[in-house]
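The values are calculated or read from the model by the stated rules, or taken from the named source; none is laboratory data. Every value quoted in this text rests on a predicted model; they were computed, and no experiment measured them. Don't worry about glycine lacking a Cβ; one is built from the backbone with ideal geometry, like all the others, and counts go over all protein chains shown. For accessibility, only protein heavy atoms count, side chains too; no ligands or nucleic acids. Shrake-Rupley method; radii C 1.70, N 1.55, O 1.52, S 1.80 Å.
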Amino acid sequence: MHDELLLWCSERGAGSLDAFRDTYAWLEKGRQGSSAPDWRIALYNLQVLGHVEVDWEARIWSVTPPVLTTMPNSGGHALLVGQRPLWLMQRLERLHEDPDSDIATLAQSVVLLSPLRQAGGPSVRMVTLADPEDCRALCEALGIAFEDRAADQLALRLPRFQEMLTERGVQRGPGGIEPQKMSEGGNDIWTDIEGPGEPPLHGAYRYQRYNTHRYIYWLGMSGFIADKRTVVYAELARAERWVLRYNAQRRELYAPRRMQLPHLHARAAVLRSGMLPQLTALNPQVALDQQPNRERKSYVKYVNIDEPFARQVAKSLYQKLQLVP
């Protein structure tokens, strides 16, 4: 289903969130088996994977241009990110038969692998390559982009949460109805507060707005409207709560399930493998029944993450990375 959804996005190019929702519902109707995630989660996953860009406030999306990017520690593989139009996939699958003799020659060193399916998103598509320059030449011949280690390049340019908070401007006056404040802990990340939720306030707040929520980070009389994950990590930094974990032996970065990385940080981590973060126990080597309830499948993990990369992500969020065995 997710492969068909990405194909639709690739051929459509751009559209409204309503059009995406309706297409998702139509594809889901013809699907058998377990229920699919909410359409907003499916769209967010496409965004994190680098296939689309989304303006949630304007309620529009657009597909990103196709890119082949190399990955560290991958044994000579490059990841296909972005648009997957039918013409491109057909040419990649038949490189040895391509009418362009230069492309047919490159088929001896660049090979498209079979789809690697994953839960919650489209299949991972990779090519094997003997020499990155062959991959670059293929991209030039096909008219698509080539990037060496896009994940690492993005990690170096990750915005600090101050930049993310100021992107949408400043809120003056009440943020909305039914205000909730980010809690210090416990089972629920948001707790109700009394009063209309007007400034002066300090910290991360959530308000009811039509059929969704609005997230605002208040600093005195100024409220910064941002996405949920940006607001959450701004509050974590203020409270000096260190939630990111790293296992050097397994090369895995862990974030709490309820406090996943902001989307650009998540995209950088995902582009190291092409795999969405998956639910896991904090220490996968210990049996689940031997771990505290709060740690059972309460984290998500990002794979193929080396320690300098993990520290770069943590630093951009003002997190102190916690090493785990």
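When only Cα pairs below 8 angstrom with a gap of at least 6 residues are kept, region 26-103 shows a relative contact order of 18 percent.
Measuring nothing but how far apart in sequence close Cα pairs (under 8 Å, 6+ apart) lie, relative to its length, the chain scores a relative contact order of 15 percent. Peptides 202-213, 298-309 ranked from most to least packed, by the mean per-residue count of other Cβ atoms within 10 Å: 298-309, 202-213. Sorting the segments 16-23, 159-166 by their mean number of nearby beta carbons within 10 angstrom, highest to lowest, gives 159-166, 16-23.
Model label sites at Leu219 and Leu7, defined 7 Å from Cα along the beta-carbon direction, differ in position by 4.8 nm. Accessible surface computed residue by residue for the chain, with neighbouring protein chains in place and a 1.4 Å probe, gives 49 Å² per residue.
When the helices of the chain are scored as -39500 (n - 2.57) per DSSP H run of n ≥ 4 and the total is divided over every residue, the value at 222 nm lands at -9000 deg cm²/dmol. In whole percent, how big is the carbon plus sulfur part of the accessible area of the chain, probe 1.4 Å, protein atoms only? Solvent-exposed carbon and sulfur of the chain make up 49 percent of the total. Can you give the local net charge around Ser62? Use residues other than it whose beta-carbon is closer than 10 angstrom to its beta-carbon, Lys and Arg +1, Asp and Glu -1. Residues close to Ser62 contribute a combined charge of -1. Applying 0.36 nm per residue to the separation of Glu133 and Asp148 and subtracting their alpha-carbon distance, the gain on full extension is 4.4 nm.
Each peptide in 104-115, 216-227, 260-271 gets a packing score, the mean of other Cβ atoms within 10 Å over its residues, and the list from highest to lowest is 260-271, 216-227, 104-115.
With only Lys, Arg, Asp and Glu charged, each at its Cβ (+1 for the first two, -1 for the last two), find how big the charge dipole of the chain is about the Cα centre; round to the nearest 20 debye.
So the magnitude is around 1060 debye.
Considering only Leu68, Pro159, Pro115, and ranking their Cα positions along the charge dipole of the chain that arises from unit charges at the beta-carbon of Lys, Arg, Asp and Glu, the one farthest toward the positive end is Pro159.
For region 138-244, the convex hull spanned by the alpha carbon atoms encloses 166 Å³ per residue.
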